[in-house]
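J.: Here it is, the structure, as structure tokens.
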Amino acid sequence: MSNRFIKVIFLFSTLIAAACSTTKYVPEGDYLYRGASVKIEDKDVKSREAKALATELKGVLRPRTNSRFLGIPFKLWIYNSFGNPKKTKGLGNKIRTKFGEPPVLFSSVKVDYNLQLLTNRMENRGYFRASATADSSLRRKQASLTYHAFPGPQYTISTVRFASDSSDLGKALTRTARRSFLKIGDPFDLDIIKSERERIDARLKERGFYYFSPEDIIVQVDSINNQHKVDLVVNIKNATSEEARQKYTINNIFIYPNYNLSKDSIDVKAGERYKDFIVVDTAHTFKPQVFERTMFFHKGDIYNRTDHNMSLNRLVNLGTFKFVKNKFTESIDGTGNQLDTYYYLSPYPKKSLRAELLSRTTSANFSGSEINVSWRNRNTFRGAELLTISAYAGTDIQVSGVNPGNSLFRYGAEANLNIPKLISPFKFNASSAFIPRTKIMLGFDYLDRKLAYSLNSFRTSFGYVWKEDQKREHTLNLLAATYVFPYKVDFRYADSAARNPALRRAIDTQLVVGPNYNFLYTNTVQTNKKHTFYENFNIDESGVLMGLFSGANYKTGNRKNLLSIPFSQYIRIENDFRHYLNLGYGNQLASRLILGYGFAFGNSPALPYIKQFFIGGSNSLRAFRARSIGPGSSEPNFSREKGVAAPDKTGDIKLEFNTEYRPKFNNIVRGAVFLDAGNIWLLRDDPEQPVAGAKFSKEFLSELAVGTGVGLRFDVNFFVLRTDLAFPIRKPWLPKGERWVFSDIDFSREWRKENLVFNLAIGYPF
């Protein structure tokens, strides 16, 4: 008998034993509750509708049964296996209490109450003649229930009428009818009626009815005998208050930018009027123009909920105030039906210092540590500007990969100034709840690569960031410049670079100057949706206008310089699209498609090294080391030389696809089964370094690298620890017909050493 067969028998026996021990602590005369099913006993209900109704009715039943995974009640098994419930001390009790779950007993089930819940739910769905019964099944200390639901005919909507009168409220109610959720011919549904009341309330709030509420609306139902139909009349309750019937306008707007929560009152007389606002800021901490850009309300405006919420959102999104509170009161000095609005703003400490010490792993299989220190000023020039100055230093060691033992040391600093307005000669009026911003950045980095080279890098940018809404964000850098030059080069690397253009380009002096634009769309925060998406599009160019006006052309030897340095000339586009399919119960199928294209011309024979595409690593093709694949079908160990860092594999074109099934085991642990495919290619042949199979061609699909694997994700709220074990199933550098390597998978020691890749990372790969 093989060891594998013995393991299967042992596992099967363990599962049987776990299943048999579930009733260990069920009291005598009681039963372990195994749950309930619902059967729709009505032939007139269509099978699809009956299935949906049965699923909904089952969801209202209480109590829930003991949780299960793969049909096995592991938590109940832990509860029964570790100690005695009568004992309250000891290690077994701690394990049982923290990880176990006591049995759900049949005696805790209130059948009559559940029958009432079922009947009420069916009536809410328009089954006005519904009823239900229940049968129990008892066997071997376990019990289950079957509920029989008799819905009867479902009533549909015959007519919908909005009652009105000559008052402002009555006219406003009538105007909301056009977009009503109540449709003739639809089934009666109490949830739809509740949503309709909330919709009407939201529309009336836009028309100045500040004190109105959904409870002021009544939907009268009149059933038509023997026709299974209802007439609906939407009306205002007679008991609605006089305040709720009135339309209000804005009078005084008071802003307290230094509000202290411990104070009981604030002297309104201390405020200074600025246009339509009264700013109570005796210390003159903020310029009043800040609030002109955040407030949507103005004196004399009709109150509406949109301006109310957008003003609050802008104040919060300034990032300067820790607490933002707002209230409306009827104006004392007004002429009637007017509101005074008060904004109480508690600022963060103006200046703060933060230090972080962390360990990390990167997609290039580097492990190391880093220290970060940052200083913030949240109100630098009294205009809610955010100035951040940060510095870092860190070291990384490549413990596995293309060239194990190759270590890095790096340090740098960066200054960012975030201004909550667009600095421009043109005036822009933003209508969203997010303040458009101007961002200015200046940074420096130093990289020391052991036994290879050291690089200095300067970068700066000036641009704008604005959001249409919570889902869409735009970033436009009018100027983005990066200057990279070698500080020192190891003699061994220099000798190799003289013979190898791929090594030389890594240390070339590079100057990238030009604008770039990025568009980001995401609705992944809407976890209740079945389909959610993420889209990140970026276009980047350098030297296009300079090359056009100067006539730069490297092919004719007419290379032009900027500050005595040849500037790069290219256009680069990259798109990252992701789709998330929520399968219920926390399970998810996530997919990603990345397309990249870069075209160098004019003053540049190739894309700058820092702008080229690469593939592989813990956030990409996880079965292959970072930057070890491609271009095309070229050999993975291309240009590797002893004692010298292996060149990173880069290209002008990138195609990558990833898909990952993520089952949820519990609140902390998720699993993963994934498939990754992709590669990079050169746009044109490199005359200095001819590589067979590196150029993009119509056979690109046959040159895709493919890998698969499994993993675990440990979500502990503040971060996600990810482990992946992957191996390749398609190697594009092998001869045609031999690239699929299924037959080579034998899990022998030699195979594992060459092919198994373990990734440890923070966060999801996508």
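The values are calculated or read from the model by the stated rules, or taken from the named source; none is laboratory data. On a predicted model such as this, the values are computed, not experimentally measured, just so you know. When we count neighbours, we look across all protein chains shown, and the Cβ atoms used for this are built from the backbone with ideal geometry, even at glycine. In case anyone asks, the SASA skips ligands and DNA or RNA and just uses the protein heavy atoms, side chains included. Shrake-Rupley method; radii C 1.70, N 1.55, O 1.52, S 1.80 Å.
J.: Karplus couplings for region 278-286 from phi (6.51 cos²θ - 1.76 cosθ + 1.60, θ = phi - 60°), rounded to Hz, Gly and Pro as x?
T.: 3J(HN,Hα) across region 278-286, in whole Hz: 10, 9, 9, 9, 5, 7, 6, 6, 10.
J.: Mind checking the full-extension length gain between ILE668 and ASN84? Use 0.36 nm per residue of separation minus the Cα-Cα distance, one decimal, nm.
T.: Values: separation 584, 0.36 × 584 = 210.24 nm, distance 2.68 nm.
Answer, rounded to one decimal: 207.6 nm.
J.: Also, I was wondering about something else. Would you tally the net charge around LEU734, using a Cβ to Cβ cut-off of less than 14 Å, leaving LEU734 out, and scoring K and R as +1, D and E as -1? Kindly include the intermediate steps, with their values, before the conclusion.
T.: Details: positive: ARG730, LYS731, LYS736, ARG739; negative: GLU635, GLU703, GLU738, ASP744, GLU754.
Local net charge: -1.
J.: Ignoring everything except DSSP H segments at least 4 long, calculate the 222 nm mean residue ellipticity for the chain; use -39,500 (n - 2.57) per segment, divide by total residues, nearest 500. Present the calculation step by step, with values, prior to reporting the outcome.
T.: Values: 13 runs with 134 residues, N = 766.
After summing the helix terms and dividing by the residues of the chain, the value is -5000 deg cm²/dmol.
J.: Sticking with this one: Provide the per-residue ³J(HN,Hα) series for region 158-167, in order, calculated from phi with Karplus coefficients 6.51, -1.76, 1.60 and θ = phi - 60°, each as a whole number of Hz, with x at glycine and proline positions.
T.: Listing the rounded values in order: 8, 9, 10, 10, 9, 6, 8, 9, 7, 6 Hz.
J.: Could you tell me how many cubic angstrom of Cα convex hull volume region 160-311 has per residue? Don't skip to the end; give the middle numbers.
T.: Working: hull volume 23.5 nm³, N = 152.
Given the Cα convex hull of region 160-311, per-residue volume reads 154 Å³.
J.: Here's something else I'd like to know. Taking the dipole about the Cα centre of the chain, with the C-beta of Lys and Arg at +1 and of Asp and Glu at -1, give me whichever of PRO566, PHE328, ASN235 is farthest to the positive side.
T.: Positive-end residue among those listed: PRO566.
J.: Quick check: with the 1.4 Å probe, what order do SER47, SER496, SER390 take by accessible area, largest first?
T.: Details: SER47 100, SER496 5, SER390 40 Å².
So the residues, ranked largest to smallest area, are SER47, SER390, SER496.
J.: In addition: Note the per residue figure in Å³ for the convex hull of the C-alpha positions in region 193-259. Before the final figure, lay out the partial values.
T.: Numbers: hull volume 7.8 nm³, N = 67.
Considering the Cα atoms of region 193-259, their hull volume per residue is 117 Å³.
J.: So, with +1 on the Cβ of K and R and -1 on the Cβ of D and E, and no other charges, what is the size of the charge dipole of the chain about its Cα centre, to the nearest 20 debye?
T.: Numbers: 109 positive and 74 negative charges, 327 e Å.
I would put it at about 1580 debye.
J.: Compute the signed sum of charges (Lys and Arg +1, Asp and Glu -1) over the other residues within less than 9 Å, Cβ to Cβ, of ASN377.
T.: Values: positive: LYS350, LYS351, ARG376, ARG378; negative: GLU385.
Around ASN377, the charge tally is +3.
J.: Can I ask one more? If you count, for each residue, the other Cβ atoms within 10 Å and average over each peptide, how do 691-699, 431-439 line up from highest to lowest?
T.: Values: 691-699: 15.1, 431-439: 18.0.
So the order, starting with the most tightly packed, is 431-439, 691-699.
J.: Tell me the trypsin sites (Lys or Arg not before Pro) within region 467-540 that lie in a loop according to DSSP and have at most 16 other beta-carbon atoms within 10 Å.
T.: On the way: sites: LYS467, LYS471, ARG472, LYS488, ARG492, ARG499, ARG504, ARG505, LYS529, LYS530; in loops: LYS471, LYS529, LYS530.
Those that pass, being in a loop and sparsely packed, are LYS471, LYS529, LYS530.
J.: Amide H of ASN66: which non-local residues (sequence gap of 5 or more, or other chain) have their own amide H closer than 5 Å, using H built in the peptide plane?
T.: VAL104
J.: Give, rounded to the nearest 20 debye, the magnitude of the charge dipole that region 218-320 has about its Cα centre when Lys and Arg contribute +1 at Cβ and Asp and Glu contribute -1 at Cβ. Each step should come with its number before you reach the end.
T.: Numbers: 13 positive and 12 negative charges, 42 e Å.
My answer is approximately 200 debye.
J.: While we're here: Need the C-alpha centroid separation for region 21-94 versus region 153-229, integer Å.
T.: 41
J.: Moving on to the next point. Summing Lys, Arg as +1 and Asp, Glu as -1, what charge do residues with Cβ under 11 Å from the Cβ of ASP676 carry, ASP676 excluded?
T.: On the way: positive: ARG592, ARG622, ARG730; negative: GLU656, GLU660, ASP724.
Once positives and negatives cancel, what remains is 0.
J.: Here is a further query. Pull up all non-local amide H partners of SER131: gap of 5 or more, or a different chain, and H-to-H distance under 5 Å with H placed in the peptide plane.
T.: Distant-sequence amide H within range of SER131: PHE150.
J.: Now a separate question. Students often get this wrong, so try it: which of (i) 53, 32, 28; (ii) 55, 45, 27; (iii) 45, 36, 25 is semi-axes √(5λ) of the Cα gyration tensor in Å as calculated from the structure shown?
T.: (ii)
J.: Sticking with this structure for a sec: Using the Cα centre of the chain as origin and beta-carbon charges of +1 (Lys, Arg) and -1 (Asp, Glu), tell me which of ALA672, VAL60, GLN470 is placed farthest towards the positive end of the dipole.
T.: Of ALA672, VAL60, GLN470, it is ALA672.
J.: DSSP loop (so not H, G, I, E, B), at most 15 other Cβ within 10 Å: list which GluC sites (Glu not before Pro) in region 39-95 pass both filters. Walk me through the numbers on the way to the answer.
T.: On the way: sites: GLU41, GLU49, GLU56; in loops: GLU41.
Here the sparse-neighbourhood loop sites are GLU41.
J.: Excluding same-chain residues fewer than 8 positions from LYS350, which lysines have a Cα within less than 30 Å of its Cα?
T.: Once the sequence-local lysines are set aside, what remains near LYS350 is LYS263, LYS269, LYS275, LYS287, LYS322, LYS325, LYS327, LYS421, LYS427, LYS439, LYS467, LYS471.
J.: Let me ask something additional. Whenever you get a sec, compute what percent of the accessible area on the chain sits on carbon and sulfur atoms (1.4 Å probe). It would help to have the intermediate numbers written out before the result.
T.: Details: 23030 of 41410 Å².
After summing per-atom areas, the C and S share lands at 56 percent.
J.: Select from region 41-113 those trypsin sites (Lys or Arg not before Pro) which occupy a DSSP coil region and have at most 14 other Cβ atoms within 10 Å, ordered by residue number.
T.: Numbers: sites: LYS43, LYS46, ARG48, LYS51, LYS58, ARG64, ARG68, LYS75, LYS86, LYS87, LYS89, LYS94, ARG96, LYS98, LYS110; in loops: LYS43, LYS46, ARG64, ARG68, LYS86, LYS87, LYS89, LYS110.
Here the sparse-neighbourhood loop sites are LYS43, LYS46, ARG64, ARG68, LYS86, LYS87, LYS89, LYS110.
J.: Magnitude of the Cβ-charge dipole of region 536-613, K/R +1 and D/E -1, about the Cα centre, nearest 20 debye? Before the final figure, lay out each step's value.
T.: Values: 7 positive and 4 negative charges, 43 e Å.
Dipole magnitude for region 536-613 comes out near 200 debye.
J.: Per residue, how much accessible surface does the chain expose to a 1.4 Å probe? Answer in Å², no decimals. Working shown, then result.
T.: Working: 41410 Å² over 766 residues.
The answer is 54 Å² per residue.
J.: Moving on. Putting +1 on Lys and Arg Cβ atoms and -1 on Asp and Glu Cβ atoms, find which of ALA413, PRO501, PHE533 reaches farthest to the positive end of the dipole of region 403-557.
T.: Working it through, the farthest residue towards the positive pole turns out to be PHE533.
J.: For ALA672, list long-range residues whose amide hydrogen, built 1.01 Å from N in the peptide plane, is under 5 Å from its own amide hydrogen.
T.: GLY711
J.: With each pseudo-label sitting 7 Å past Cα toward Cβ, what's the SER432-LYS98 distance in nm, one decimal?
T.: 4.5
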